[in-house]
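Chemist: Here it is: the structure, laid out below.
The values are calculated or read from the model by the stated rules, or taken from the named source; none is laboratory data. What you see is a predicted model, and the numbers here were worked out from it, not measured in a lab. Cβ: placed from backbone, ideal geometry, glycine included. Neighbour counts: every protein chain shown. Calculation scope for accessible area: heavy atoms of the full protein, side chains included, ligands and nucleic acids excluded. Shrake-Rupley method; radii C 1.70, N 1.55, O 1.52, S 1.80 Å.
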Amino acid sequence: MDADRWWKEGVIYQIYPRSFADGNGDGFGDLPGIIEKLDVLQELGIDGIWISPFFPTPDVDLGYDITDYCNVDPRMGTMADYDRLVEAAHRRGIHVIVDLVLNHTSDRHPWFIQSRSSRDNPYHDWYLWRDPKPGKKRPNNWASIFGGHGWEYDEHLDQYYFHMFYKEQPDLNWRNPAVVDEVRKIMRFWLDHGTDGFRLDVFGAYFKDAMFRDNPTKLGLRYFDRQEHIYDADQPEMMPWLREMRAIMDEKPGRYLVGETFFPNPEKAARYCGPGLLHGTFNFELSNTPWSASKFAKAIQRWETVLAKNAWPTNFLSNHDQARAADRLAHGEDDERLKVAAAMLLTLRGTPYIYYGEEIGMRGPRIKRADIIDPLSKKYWPFYPARDKARSVAQWSGQEYAGFSPVKPAYPLHPNFTKRNVEAQRADPNSLFNFYKKLIHIRKELPALRQGKYQPVSDDPRVILAYLRQTEDQTVLVVLNMGGKLTPFFLGGALTGMKWEFVLSNKRTTLPVLSNQTILLEGEEALILKAV
Ligand code: NOJ
């Protein structure tokens with residue numbers, strides 16, 4: 001158990017490396033930049049970092065299209081920098097999780113260049129090539145989740161290849177043992193460099209139906225949504241392979257595998273998670289839930305219910321593909337709601353992930369259509385500008401370019417950085433940053449918050465989300481008022497007769513006055529008490 005503590009009881013922080021910190025002063029974030037910021041992450045209490053892809057890439061999907069799995073993109077550093085990063089992180093008790101994008105490569109990956117060079121090239125079968133149907137028709141009805149059909153025609157080969165994402169991201173053929181063998185080598189390469197864990201990009205899409213059958217159709221908005229995805233994802237071959245990946249990780253204690261569930265729902269996320277499978281999977285419900293106590297309560301309960309008894313939840317409020325938590329949950333520049341959300345994230349059962357900037361309440365900047373970087377956001381403008389907004393430059397200080405870089409950053413920067421930045425918030429005892437820090441600290445202090453079972457106790461679910469975290473020896477009560485007004489909370493029912501000690505609140509520093517077993521919570525107050 002001890003070796004697993006960092007991912008099971010600790011706190012993980014996601015870094016989008018291009019916009020996190022620029023170590024070499026060229027406006028583009030890099031690995032040396034991350035090294036410089038490890039002290040702040042250690043101060044915050046972070047136990048692990050997941051770094052979004054930093055491998056060589058032509059940048060069609062901004063790093064999620066890889067041309068070399070065993071190297072670092074020259075804009076982000078070198079392998080020597082990676083080794084230094086691992087060493088520096090480990091020295092601070094911080095573990096390193098690498099993002100493995102194995103469903104597809106870039107179309108400029110040497111494997112694909114070979115693969116499309118001729119039908120008899122040994123690499124041809126590394127990707128999903130099919131002959132056209134009569135009349136040059138596509139092999140089946142499979143779609144790309146990024147829009148339109150999933151098949152791209154190659155004139156020279158007179159064949160189609162399949163791409164679940166952009167056409168510049170051809171899907172690998174996971175039924176070819178040579179591909180799987182190469183993946184084993186890639187895993188070992190990073191493990192040999194001291195990597196502690198992997199985040200698996202869209203693992204559920206690795207295997208496709210061997211017979212390439214058409215997906216059944218249904219009603220939906222986009223072409224992709226008008227299909228039941230029973231043949232292009234979540235194939236039974238996935239399970240033995242996940243077990244093998246897990247066995248590779250288990251060769252050394254304390255390694256960790258977390259999967260991005262493709263096309264997720266909690267049930268599906270739960271299916272892949274547990275002993276012998278992935279240590280964690282991402283269930284996107286919390287990151288899609290609007291500001292509502294009852295909706296959060298439902299999402300948490302559903303996750304608790306679907307997970308196997310011995311599976312471990314993973315919780316997050318946002319990531320690089322979605323609107324920032326502050327844009328979804330906060331009111332203007334006010335951070336009180338974000339403190340309540342942070343209290344929830346860090347007191348729920350499971351591994352919490354903090355998306356960089358969340359700890360200072362970064363908002364996504366306004367982005368003009370002409371300035372959009374992400375092709376997906378361009379395509380679906382104005383309905384989906386989220387990805388660029390969520391990937392804006394980390395706001396370290398009020399100096400020029402937010403202390404990110406001495407030159408204009410490649411990624412957008414929110415003009416509020418002059419006030420909203422790490423330096424200013426570190427100096428302000430009431431800041432969101434310091435509230436995160438306190439929450440992480442109490443999480444480390446109180447075993448019930450790390451190991452205890454989750455038990456909802458809310459008596460006014462419209463505005464209050466309340467639950468106990470309980471081990472045999474300790475009971476912690478978390479009461480989150482998501483309403484804006486003073487609201488009573490009744491310490492009756494299962495809580496009758498219990499005595500409480502103050503732990504933390506964003507609105508007070510001592511135990512609230514109890515009258516008739518009732519506490520009056522301030523609007524947008526997160527209150528944490530410990531039973532004595
Ligand atoms: C999921 C990643 O999170 C996203 O950023 C990427 O575009 C797709 N997978 C394709 O790799």
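Chemist: Is it true that residue 392 is at pLDDT 95 or above, touching a helix residue (DSSP H, G or I) at 6+ places or on another chain (Cβ under 8 Å), assigned to a loop (DSSP other than H, G, I, E, B) and within 16 Å of the ligand (Cβ to nearest atom)? Steps first, please.
Modeler: On the way: at pLDDT 95 or above: yes; touching a helix residue (DSSP H, G or I) at 6+ places or on another chain (Cβ under 8 Å): yes; assigned to a loop (DSSP other than H, G, I, E, B): yes; within 16 Å of the ligand (Cβ to nearest atom): yes.
In short, yes.
Chemist: Considering segment 8-49 alone, what residues qualify as being farther than 20 Å from residue 437 by Cβ and buried (at least 22 other Cβ atoms within 10 Å of the Cβ)? Spell out the reasoning first.
Modeler: First, the residues of segment 8-49 that are farther than 20 Å from residue 437 by Cβ: 8, 16-19, 22-33, 35.
16, 17, 18, 19, 22, 29, 30, 31, 33 - these are the residues of segment 8-49 that are farther than 20 Å from residue 437 by Cβ and buried (at least 22 other Cβ atoms within 10 Å of the Cβ).
Chemist: Also, I was wondering about something else. Scan segment 309-326 and report the pairs whose first residue is closer than 21 Å to residue 165 by Cβ and whose second residue is more than 16 Å from the ligand (Cβ to nearest atom) and open to solvent by 10 Å² or more (accessible area, probe 1.4 Å), with Cβ atoms within less than 7 Å and a gap of 6+ or a chain change.
Modeler: Taking only residues 6 or more apart or on different chains, the pairs are 318/358.
Chemist: Please state which one of 253, 264, 236 is within 16 Å of the ligand (Cβ to nearest atom) and either assigned to a helix (DSSP H, G or I) or open to solvent by 10 Å² or more (accessible area, probe 1.4 Å) (or both). Give the steps one after another, and end with the answer.
Modeler: On the way: 253 fails: within 16 Å of the ligand (Cβ to nearest atom); 236 fails: within 16 Å of the ligand (Cβ to nearest atom).
Sole residue among the options that is within 16 Å of the ligand (Cβ to nearest atom) and either assigned to a helix (DSSP H, G or I) or open to solvent by 10 Å² or more (accessible area, probe 1.4 Å) (or both): 264.
Chemist: Right, another one. Only one residue in 300, 367, 372 is open to solvent by less than 60 Å² (accessible area, probe 1.4 Å) and within 16 Å of the ligand (Cβ to nearest atom), so which one is that? Before the answer, list the steps.
Modeler: Details: 300 fails: within 16 Å of the ligand (Cβ to nearest atom); 367 fails: within 16 Å of the ligand (Cβ to nearest atom).
Testing whether each residue is open to solvent by less than 60 Å² (accessible area, probe 1.4 Å) and within 16 Å of the ligand (Cβ to nearest atom) leaves just 372.
Chemist: Would you mind stating whether residue 328 is more than 16 Å from the ligand (Cβ to nearest atom), over 22 Å from residue 41 (Cβ atoms) and either buried (at least 21 other Cβ atoms within 10 Å of the Cβ) or of a type outside the set (Phe, Trp, Tyr) (or both)? Show your work before the answer.
Modeler: Numbers: more than 16 Å from the ligand (Cβ to nearest atom): yes; over 22 Å from residue 41 (Cβ atoms): yes; either buried (at least 21 other Cβ atoms within 10 Å of the Cβ) or of a type outside the set (Phe, Trp, Tyr) (or both): yes.
Against the criterion (more than 16 Å from the ligand (Cβ to nearest atom), over 22 Å from residue 41 (Cβ atoms) and either buried (at least 21 other Cβ atoms within 10 Å of the Cβ) or of a type outside the set (Phe, Trp, Tyr) (or both)), residue 328 qualifies.
One line per residue, one yes/no per condition, for (1) part of a loop (DSSP other than H, G, I, E, B); (2) at positive phi; (3) out of contact with any Phe, Trp or Tyr (no Cβ under 8 Å at 6 or more places or on another chain); (4) surrounded by fewer than 19 Cβ atoms within 10 Å (Cβ to Cβ):
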{"residue": "58", "(1), (2), (3), (4)": "yes, no, yes, yes"}
{"residue": "66", "(1), (2), (3), (4)": "yes, no, no, no"}
{"residue": "73", "(1), (2), (3), (4)": "yes, no, no, no"}
{"residue": "80", "(1), (2), (3), (4)": "no, no, yes, yes"}
{"residue": "89", "(1), (2), (3), (4)": "no, no, yes, no"}
{"residue": "99", "(1), (2), (3), (4)": "no, no, no, no"}
{"residue": "108", "(1), (2), (3), (4)": "yes, no, yes, yes"}
{"residue": "114", "(1), (2), (3), (4)": "no, no, no, yes"}
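Chemist: Here is a check on your reading of the model: is residue 504 touching a helix residue (DSSP H, G or I) at 6+ places or on another chain (Cβ under 6 Å) and part of a strand (DSSP E or B)?
Modeler: Details: touching a helix residue (DSSP H, G or I) at 6+ places or on another chain (Cβ under 6 Å): yes; part of a strand (DSSP E or B): yes.
Taking the combined requirement at face value, the residue satisfies it.
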